Amino acid sequence: MAADSADAFFDGDQTDDRLARAVIEALQAGRSWAHIATDLGVPPPAVRDGLGVTDRDWQEAIVAHENARAARLDDLSWSRLS
């Protein structure tokens, strides 16, 4: 089941904690931000001015992706209440 499907509903704080733990474990295991983002289904950030994509770019892309996912889940939970 996809994390953002209509059947998947987790408390936002629990989901954030799980994500934070997974990222910490991945970094400790030597995985790159790009690899973590790819595992999360995050599309690659845009390359600016011919420069390569930095870790910061990947971090911001992960945050934007997770914020969008959380907003979709919130919208789903509100629609279930109506």
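The residues of the range 26-63 that are in contact (Cβ under 8 Å) with a residue 12 or more places away in the chain and either assigned to a loop (DSSP other than H, G, I, E, B) or among the small types (Gly, Ala, Ser) (or both), listed by number, are 26, 32, 34, 37, 41, 42, 43, 44, 45, 53, 61. Note on the range 29-52: among residues that are hydrophobic (A, V, I, L, M, F, W, C) and more than 17 Å from the chain's Cα centre (by Cα), the one that is modelled with the highest pLDDT is 29.
Out of the range 38-69, which residues are more than 20 Å from residue 27 (Cα to Cα) and surrounded by fewer than 16 Cβ atoms within 10 Å (Cβ to Cβ)? Quick ask: steps written out before the conclusion?
Going through the range 38-69, the residues more than 20 Å from residue 27 (Cα to Cα) turn out to be 46-52, 67-69.
Across the range 38-69, the qualifying residues are 46, 47, 48, 49, 50, 51, 52, 67, 68.
Does residue 12 qualify as being at pLDDT below 90 and out of contact with any Gly (no Cβ under 8 Å at 6 or more places or on another chain)?
Working: at pLDDT below 90: yes; out of contact with any Gly (no Cβ under 8 Å at 6 or more places or on another chain): yes.
When the stated conditions are applied, residue 12 passes them.
The values are calculated or read from the model by the stated rules, or taken from the named source; none is laboratory data. Predicted model only: the values in this text are computed from it and were never measured. Because the Cβ atoms are built from the backbone with ideal geometry, glycine has one as well, and the counts that use them run over all protein chains shown.
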